[in-house]
Amino acid sequence: MMVDLIITLHKDDVKDMASLLERFKQEGLSISNVTDYGVIMGRGDKSIIEKLSQQKEVESVMEDYYTQLPPPEADIQ
Amino acid sequence: MKAPYLGLSSSRTRNLTVGLESFPSDTSGPVPGDDLETPLYTGRYFLIFEKDTKDFSAAASVLNTTLNTKVASSSDFQNDTFSEEKIADADAFIYEELGVALVSAEQHQVQAIQQQVAGGLARIEPEMVVYAIPFEATEALPQGIAAFVAAAAPSATWGISATGSDLTTFTGQNVRVAILDTGLDLTHPDFAGRVTAAGQSSFVPGIASVQDLHGHGTHCTGIACGNSDPTGVRYGVAGKSDIYIGKVLDNTGRGAQSWILNGISWAAANQCKVISMSLGSRVFPGLAFVTAYERAIASAVAKGSLVVVAAGNDSSRSTGVINPVGSPGNCPSAIAVTAVDIGLKIADFANGSINPGQDVFIGGPGVNVLSSWPMPTRYRSISGTSMATPFVAGISALICEMNPGFTPAQVKGELSKLAQSLPLPLSDIGCGLVKAP
């Protein structure tokens, strides 16, 4: 199943972003955005979460998730 | 006309609030939260006229035509004693001395009235039944029409007054404030000319415009960066700040973490000194903050942006439930904001400092807060830590104007220094109620 992913690199490894992105692509990650603070957004099969998590440069991998406000008519927002 | 006295129309409440003030009423009804079917609106509408309106005859004529019924006016009672019975057959009553009409009408009739009453009409608001959290000051409030006069003609909302935002000479001029939310109603007259093309960006896939079809973003923008309504009531803090609108939530109020991260990056890259985020997800006790959020917020702070985030509304303190600060407000680099009511008590819904290191930093007005809402409604009062957060954002902009060289850490220190101590636990209120410099 394809999922949207948020990958955070260890701070010390952000400098190696270019080579890491290449490696992640080879793992099957389709990259949509890269930040200068070491967070990478992309999409891939759910099975790559474990593979990416095991890489020493990766601090965390999580599926993108949604936040939801109450509906407009709600009194508490 | 079932009940001519504004705000005294329901027998189901114990403290009815209309607009900004509370009116002691029937004490036999349920307390807030007792009844999920408790009504929010009475079904009637206030037509609020421009401050200097003297002649209401044209408006009376439109009301008469549209509603096809009798229109009564306070001028009818200049030499007579007012009583409910005398206007029982009227569907509209004009309080000429207040510049307000109270109308029993269907929504389509209200829209017709709005179109036909050409000049002089400042706004239309549904008459709200708001169940005030009981506080001691309620007992001392005057009753009846005299109380409405006081409530109808304030110079500022209670939140603006409580934070001293109406007393400062600072306006947030030349300070960029980013509101990351559902967007802004770009047709709202209060924001005409306030948002440049460079100051707006949507991060919601498939939606190019920042136009707000939800309302939440327009409300939050109004509190942080708005000014006054046409009647002169001040509702916004930093009225001359440069508004940056990042649409990170779609028009249903839903937003992906990636959209929010992109919004934070955009605001920081655009040198916004303050980033306001009235959004978040529930966090359970024992959970850590999200690393990606912390990294994004820490990066924004390093670039000179103070990041202010709502603490969340997941608690029910009246039933003993206090939940932790939500995400991303729980990030160490964020300023987490809680909400207080007009009695400066902590809001029933407000989250608290439960998880170690994920603390509430400061509080702002967050119950019954009047601000802008997408047209044609124009203004609306709602509650939440979402409303408290832009008060802190707006006041942070004032601090930045006063001290252009301040770093986010220095702004944070100044917020703490200026805050009004409240007799509440540190875990609830942090350093206190936010106050303007």
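It is to be established whether one or more residues within the range A:6-19 are loosely packed, with under 15 Cβ neighbours inside 10 Å and of a type in the set (S, T, Y).
Looking through the range A:6-19, at least one residue is loosely packed, with under 15 Cβ neighbours inside 10 Å and of a type in the set (S, T, Y).
Show the residue pairs meeting these rules: Cβ distance below 6 Å; 6+ apart or different chains; first residue within the range A:60-77 and farther than 13 Å from B:D181 by Cβ and at the interface with chain B (Cβ under 7 Å from one of its Cβ atoms); second residue among the aliphatic types (A, V, I, L, M) and open to solvent by 30 Å² or more (accessible area, probe 1.4 Å).
Taking only residues 6 or more apart or on different chains, the pairs are A:D75/B:L40.
Tell me which of these B:A302 doesn't satisfy, since it passes every other one: (1) of a type outside the set (S, T, N, Q); (2) more than 10 Å from chain A (Cβ to nearest Cβ); (3) free of Cβ contacts under 8 Å to residues at least 12 places away in the same chain.
Tallying (1) of a type outside the set (S, T, N, Q); (2) more than 10 Å from chain A (Cβ to nearest Cβ); (3) free of Cβ contacts under 8 Å to residues at least 12 places away in the same chain, B:A302 fails exactly one: (2).
I need the full set of residues from the range B:305-315 which are within 11 Å of another protein chain (Cβ to nearest Cβ) and assigned to a strand (DSSP E or B), in order please.
The one that is within 11 Å of another protein chain (Cβ to nearest Cβ) and assigned to a strand (DSSP E or B): B:A310.
Residues that are among the β-branched types (V, I, T), crowded, with 22+ Cβ neighbours inside 10 Å and in contact (Cβ under 8 Å) with a residue 12 or more places away in the chain: which strands (runs of 3 or more DSSP E) entirely in the range B:323-437 hold 2 or more of them?
Where strands (runs of 3 or more DSSP E) fall fully within the range B:323-437 and carry at least 2 residues being among the β-branched types (V, I, T), crowded, with 22+ Cβ neighbours inside 10 Å and in contact (Cβ under 8 Å) with a residue 12 or more places away in the chain, they are B:335-340.
Within the range A:10-53, count every residue that is more than 17 Å from B:S258 (Cβ to Cβ), away from chain B (no Cβ under 14 Å) and out of contact with any helix residue (DSSP H, G or I) (no Cβ under 9 Å at 6 or more places or on another chain).
12
Quickly run through the range B:282-299 and pick out the residues that are of a type in the set (D, E, K, R) and either open to solvent by less than 20 Å² (accessible area, probe 1.4 Å) or within 8 Å of another protein chain (Cβ to nearest Cβ) (or both).
The answer is B:R295, and nothing else.
For the range B:232-275, name all the residues that are part of a strand (DSSP E or B) and at the interface with chain A (Cβ under 9 Å from one of its Cβ atoms).
B:R254, B:G255, B:A256
Restricted to the range B:172-228, and to residues that are under 23 Å from B:V337 (Cβ atoms) and in a strand (DSSP E or B), which residue is most open to solvent (accessible area, probe 1.4 Å)?
Applying the filter and picking the extreme gives B:R176.
The values are calculated or read from the model by the stated rules, or taken from the named source; none is laboratory data. Because the structure is a prediction, the values reported are computed rather than measured. Glycine also receives a Cβ, built like all others from the backbone with ideal geometry; neighbour counts cover every protein chain displayed. When the accessible area is computed, the model is the full protein with side chains, heavy atoms only, and any ligands, DNA or RNA have been set aside. Shrake-Rupley method; radii C 1.70, N 1.55, O 1.52, S 1.80 Å.
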